[in-house]
Amino acid sequence: MALAGTSKVVLGCVAFGIFWVLAVFPTVPFMPVGRTAGSLLGAMLMVLFRVISPEDAYAAIDLPIIGLLFGTMVVSIFLERADMFKYLGNLLSWKSRGSKDLLFRVCIVSAIASALFTNDTCCVVLTEFILKVARQNNLPPQPFLLALATSSNIGSAATPIGNPQNLVIAVESGISFGQFLLGVFPAMIVGVLTNAAILLCYFWKYLSVEKDQEGGQPAGPEVVADDEVTSHRFTPARMSHVSSLNPDDMDCISEPIIRSNSVRSTSANENLRSRSVNSEADIQLAIKSLRASSMSHEMVEVSTVTDRRDEGASSRKFTRTASQQRSVIIEDSPPSPASNGEKDKEDEVAEKRWRVFVWKTAVYLITLGMLIALLMGLNMSWTAITAALVLLALDFTDAQACLEKVSYSLLIFFCGMFITVDGFNKTGIPNTLWELVEPYSRIDSAKGVALLAVVILILSNVASNVPTVLLLGTRVAASAAAISHDSERKAWLILAWVSTVAGNLTLLGSAANLIVCEQARRAQFFGYNLSFWSHLRFGVPSTIVVTAIGLLIVTSY
């Protein structure tokens, strides 16, 4: 494809340049509108400048990719509600010994979670948990944050649903889920282990400083998360911790206080009846509320004791300890009808616990069924959408609350990006540049693979990985198809591997890196600022080594 007219080339470059600046630097001073608005602005300029027609602009939007993104987002939301990420977080600190073991676990768990639930989701829900574990064990946060970000990027390369660029590659190439997994998964495993080894070598001195060193603790202490960590709810917007007050610790309670507590406990019970228990934390809180209510009723019953002497009766108010009150109830008081109501409430809580268990099991089974369907080669977009709709139907509640958590801004960003990149392709500039490089970057030689990897690596950090895949994907595949059909599939897998791992080079190279940085900086009690240069010092050697090792494995497939 030759270059278009001069005006079309210039105006197309202006529109793409505005899109690129706002996508890479969303808070630039002269137009801090963000990535999504920048994407729509670039698309609008392409149409206004007549680089692309309105009809072609609508046709440029890849609906299967949008559908696949939407489906995976909804499934991830339900998995988060079903405490899947809570269990993954607990796995990090379960019987872990020492900081090095914890760092290795972060690498493995984040890589596997990213391959199944996307790297962005993994980074959103695990960043604060990892910060807590590091802070509460007197460990430096930087190695663990870098382990989360880099391992999530590497792990997401293994599956078509691991990251957005893989979604694009899977849809455009027609490679099945199973073929994609077989081609990249071995490279992912070796890459994660290599990245973990580099992390251990790079931060060995910092990780060798044992916690509580001043207290003379022996070497190799067990790293165990405390109650605050294990009760963390893996929701980006909030954290909930279970707390309770034990009435047995109260030795002396006056009558006004007892009455106040009784009113409060009655109100709590009424709220409990109408409350939907959707998690283990809610169930535990409900049980503790019932126990506190029971104790308050007991205290009210014995708060006033009537002392009858001769034929007269006089009332005397006095205070008893909790143990004395219980003995009075057992010895003097007849069975209270309130006990039956409390038993009914406990039965209600047990029933809700069973419902939660059944609901969680259904979420896991549907997700597993979606993965099996993908491995069988069914249409990935409709498979994900079907799984999402089944989960929404089985939830038996208004879907608005769940659908509000979908990142529609990301879907809109993709729509604008599709139009902008397609308009830039119509200028002929990407094709002209590729024709200059293509003779030297054919994948039938080691030098060609190395040059192609360098081009993808640079473009992924300059233009971001998804636009790079959109710009180079069909051209790289067409060049490889001239060699053989297997070479075409290998070219797509090389593009998937390098464009994904390239995100580890700089802090701006991947959205997952930015998510970890922002989540860590905004953490309420355990905030940490991961700077651009601290990431770059580790990212450069890690990206080069992991990319090279992975290329050897992918090209041999």
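What to note about this one:
- With respect to being open to solvent by less than 50 Å² (accessible area, probe 1.4 Å), of a type outside the set (Val, Ile, Thr), at pLDDT 85 or above and under 16 Å from residue 111 (Cα atoms), residue 176 falls outside the description.
- Residue in the stretch 18-26 that is in contact with a Lys or Arg (Cβ under 8 Å, 6 or more places away or on another chain), farther than 30 Å from residue 363 by Cα and surrounded by 21 or more Cβ atoms within 10 Å (Cβ to Cβ) present: yes
Each row is one residue, and each column tells you yes or no for (1) part of a loop (DSSP other than H, G, I, E, B); (2) modelled with pLDDT of 90 or more; (3) under 18 Å from residue 187 (Cβ atoms).
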site	(1), (2), (3)
495	no, yes, yes
498	no, yes, yes
506	yes, no, no
526	yes, no, no
538	no, yes, no
544	no, yes, yes
548	no, yes, yes
553	no, yes, yes
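- Filter result (open to solvent by 10 Å² or more (accessible area, probe 1.4 Å), farther than 22 Å from residue 188 by Cβ and of a type outside the set (Ser, Thr, Tyr)) within the stretch 464-493: 470, 471, 475, 478, 481, 482, 483, 485
To keep it simple, each residue is scored yes or no on (1) of a type outside the set (A, V, I, L, M); (2) out of contact with any strand residue (DSSP E or B) (no Cβ under 8 Å at 6 or more places or on another chain); (3) more than 27 Å from residue 416 (Cβ to Cβ); (4) at pLDDT below 90.
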| site | (1), (2), (3), (4) |
| --- | --- |
| 13 | yes, yes, no, no |
| 22 | no, yes, no, yes |
| 44 | no, yes, no, no |
| 52 | no, yes, no, no |
| 69 | no, yes, no, yes |
| 76 | yes, yes, no, yes |
| 108 | no, yes, yes, no |
| 120 | yes, yes, no, yes |
| 124 | no, yes, no, yes |
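- Any hit, the stretch 61-69, residues being under 18 Å from the mean Cα position of the chain (by Cα) and either open to solvent by 70 Å² or more (accessible area, probe 1.4 Å) or touching a residue at least 24 places away in the same chain (Cβ under 8 Å) (or both): yes
- For residue 138, the conditions (1) in a helix (DSSP H, G or I); (2) surrounded by fewer than 22 Cβ atoms within 10 Å (Cβ to Cβ) are fulfilled apart from (1).
- Residue check, residue 385 of a type in the set (Val, Ile, Thr), open to solvent by 80 Å² or more (accessible area, probe 1.4 Å) and at pLDDT 85 or above: no
- Failed condition for residue 406, given (1) modelled with pLDDT of 90 or more; (2) closer than 24 Å to residue 63 by Cα; (3) open to solvent by less than 30 Å² (accessible area, probe 1.4 Å): (1)
Residue-wise test of (1) touching a Cys at 6+ places or on another chain (Cβ under 7 Å); (2) within 14 Å of residue 77 (Cα to Cα); (3) of a type outside the set (Ser, Thr, Tyr).
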{"site": "361", "(1), (2), (3)": "no, no, no"}
{"site": "370", "(1), (2), (3)": "no, no, yes"}
{"site": "384", "(1), (2), (3)": "no, yes, yes"}
{"site": "388", "(1), (2), (3)": "no, yes, yes"}
{"site": "402", "(1), (2), (3)": "no, yes, yes"}
{"site": "415", "(1), (2), (3)": "no, no, yes"}
{"site": "420", "(1), (2), (3)": "no, no, no"}
{"site": "423", "(1), (2), (3)": "no, no, yes"}
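The values are calculated or read from the model by the stated rules, or taken from the named source; none is laboratory data. Computed from a predicted model, the values in this text were never measured in an experiment. Glycine gets a Cβ as well: all are built from the backbone with ideal geometry, and neighbour counts include every protein chain shown. When the accessible area is computed, the model is the full protein with side chains, heavy atoms only, and any ligands, DNA or RNA have been set aside. Shrake-Rupley method; radii C 1.70, N 1.55, O 1.52, S 1.80 Å.
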